[in-house]
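We did not get these values from a lab; they are worked out from the coordinates using the rules stated. Predicted model only: the values in this text are computed from it and were never measured. Heads up, the Cβs are rebuilt from the backbone with ideal geometry, glycines too, and the neighbour counts pull from every protein chain shown.
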Amino acid sequence: MHGCPCGYFGDQGRVCHCTPMQIQNYRGKISGPLLDRFDLHVEVPRLNYSELKDGDGNESSIVVRDRVMAARQRQWARLGPAKTNAEMTAKETKEFTKLTPSGESLLQKIFDSQHLSARSHDRILRVSRTIADLGGCSDILPEHLAEAIQYRALDKRLQV
């Protein structure tokens, strides 16, 4: 979804003319319980022509595919064939997403300050487990958790 009714809120190249009330009403059309059902809330800025034409020099698709397949192998070894972290049950989430004390402290702080739901809590843990798998880590480190939390941008009360 766009950030506002006109679609230019936060755009570096265009000016948004929506009022804060219009933006709040627009965003309020998506309920919290519905947002809870999305694992990732990611803002994707508009690309300029050279970024679109030339790419940004990041990893090739083959390298990314290999990393994803290695992460899938770790998930299948843990959960059984063809099952991903996103499909973990509540029991599996609790068993396979253990955090370090510093990670636990970080999640508690965010959970309490952002008033997250139990569903958001579990989704953050599952995404953290996936980020750790993509990085080849058997443990979920605080940086994996922090990255997963960043993907929940719409859980935060965005300032307008």
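For the residues 29, 94, 53, a GNM of the chain with alpha-carbon springs under 10 Å puts the largest fluctuation on 53. Would you mind finding the longest exposed-site-free stretch of the chain, with exposed GluC sites (Glu not before Pro) meaning DSSP loop and at most 15 other Cβ atoms within 10 Å? The longest uninterrupted stretch comes out as 60-160.
From the P(r) of segment 15-68, can you give the percent of Cα pairs sitting at distances over 17 Å? So the portion of pairs separated by more than 17 Å is 68 percent.
Close amide H pairs (under 5 Å, H built 1.01 Å from N) link residue 152 with 41, residues at least 5 positions away or on another chain. Taking 1.002 mPa s as the viscosity and 20 °C as the temperature, the Stokes-Einstein diffusion coefficient of the chain based on its alpha-carbon Kirkwood radius rounds to 120 µm²/s. Based on every Cα atom in segment 60-155, Rg and the maximum pairwise Cα distance Dmax equal 13.4, 40 Å.
On C-alpha positions alone, give me the angle between the axis of helix 61-79 and the longest principal axis of the chain, in degrees, nearest 10. The helix 61-79 is inclined about 50 degrees to the chain. Summing +1 for each Lys or Arg and -1 for each Asp or Glu among the other residues whose beta-carbon sits under 13 angstrom from that of residue 9 gives +1. Between residue 39 and residue 24, full extension at 0.36 nm per residue minus the direct alpha carbon distance yields a gain of 3.2 nm.
Pairs of lysines in segment 3-160 whose Cα atoms sit within less than 24 Å of one another amount to 8, provided the residues are eight or more positions apart or on different chains.
In percent, rounded to a whole number, the relative contact order of segment 60-155 is 33, using alpha-carbon pairs under 8 Å and six or more apart.
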